[in-house]
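Structure, as structure tokens:
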Amino acid sequence: MGSIVASLFGLLLGTLASGVWIGIALLTTAISLALLFTHLPVDKLFPQYIYNILTTPDLVALPLFILMGEFLFRTRLSRSLFSGLAPWAGLLPGRLLHVNIVGCSIFAAISGSSAATTQVVGRMTLRELLDRGYSPDIAIGSLAGAGTLGFLIPPSTVMIMYGVLANESVLRLFTAGFLPGMLLAAVFGAFIMIRTTMRPDLVPESERAMRHMPFGERVAALRDLAPALFLILCVLGSMYGGLATPSEAAALGVLGAFAVSLSQGSLGLKELRDVIFGAVQTCSVIGIIILGASVLGNITSTLGIPAAVANVVTEWNLPPVLLIAALIGLYLVLGTALEGFSMIATTLPVVLPLVEAAGFDKVWFGIFMVLVVEMAQITPPVAFNFVVIQNITGKSTGYIARVTFPFLAIMIAFVITLALFPGIVSFLPNLLLG
């Protein structure tokens, strides 16, 4: 078994080091292991693997949510979010900094993408906050941290990928992610209130007058949230109202995003072409990763690698929380070199049996994986949220990493809390789905 495990890591690291795509590296490793250590008819078996994986019903939702995100990226949704939220955020310590948190939470419930959430919300909020005199440190840091909510609050493209690879219900994962997502957003908001109370200079003096805005103006501003609420109703409302499956809800979301784009006058022929090309490119890359990870998972299971590793770790008799702490450390290291989808694809076949042996179920671990993928979004040098914010602000990666660190620390503490109290994850699925 030792030689098989060594061959697995050697082949995978070697192909990754050669610079090929992650999905191709996973497929190459899987085929090589099958040829070296099994007598499987690879030429006949692999086409069947490919067909079974790529025709998984839950996977249909993934390209639809990606297409919806491409439509929303080209709308004026960020402007309407800011206009609708600003009057209410002005009531809290930290004022308009909370627009980053709440805006990202709302857009996360529409797009399912962390990078898209950061981009759409950041395009409007950062410019407004910096022009008004807010400290760039906390304005940029809060956006980078809150942008990660795009993967945790359903719908989520990462959850769909995990559900397919782990053979777990996508609807159950979506339901499990809602409460942790809202709690994490609330913790981010609480941190901003505490931080700005301790350091009043982070918020310009002129903004404190927002507390005295007439109530009628606050109510009138809610009209600007109508497009976002309409899309949330299309996606989440149809799912939890029992009207649609996740895939059908994703299709409704695409239609809703198309309607919003048309109503805002932001969808011409050029924009439509960009939407189609962007969605096809993203789906192709993610599809190859999912395919490679699934095939590699099947081969490693056939060879008994996950079970052997699980037995070894079980013999160490680690407390569950210590195992989770070790996994957090592992994924923080991996997050410096791999993006989120690749982290899940390369590690899930081996790590999932360990976590199940420690007493955690697959739904809980799915939320854990989403959170560590979110951490990878703000862990340099491969940090996609940083790239988005760099394009908006021109700030260096080192600066963005420094101002984002408090939010990364909050996320680490939050994951440990979920490990100590797993009922936070299971409460809603058990209540709503049984």
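Every read-out reported here was derived from the displayed coordinates using simple, explicitly stated rules and does not represent laboratory data. Just so we're clear, the structure is a prediction, and the values are computed from it rather than from any experiment. Please note: Cβ atoms are built from the backbone with ideal geometry, for glycine as well, and neighbour counts cover all protein chains shown.
Order 55-61, 184-190 from most to least packed using the mean count of other Cβ atoms within 10 Å.
Ranking, from highest mean packing down: 184-190, 55-61.
Using the Karplus curve 6.51 cos²θ - 1.76 cosθ + 1.60 with θ = phi - 60°, what ³J(HN,Hα) values do you get for each residue of the stretch 241-250, in whole Hz, with x for Gly and Pro?
In residue order, the calculated couplings are x, x, 8, 8, 6, x, 5, 5, 5, 5 Hz.
Which whole-number percent gives the relative contact order of the stretch 312-434, counting Cα pairs below 8 Å spaced six or more residues apart?
That works out to 29 percent.
Would you mind ranking 88, 316, 21 so that the residue whose beta carbon has the fewest other beta carbons within 10 Å leads the list?
Numbers: 88 18, 316 8, 21 15.
Taking fewest neighbouring Cβ atoms as first place, the list is 316, 21, 88.
Determine the distance separating the Cα centre of the stretch 278-306 from the Cα centre of the stretch 52-102; give it in Å without decimals.
27 Å
Using just the helices of the chain, give the 222 nm mean residue ellipticity in deg cm²/dmol: DSSP H runs with n ≥ 4 each add -39,500 (n - 2.57), and the total is spread over all residues, rounded to 500.
It comes out at -25000 deg cm²/dmol, rounded to the nearest 500.
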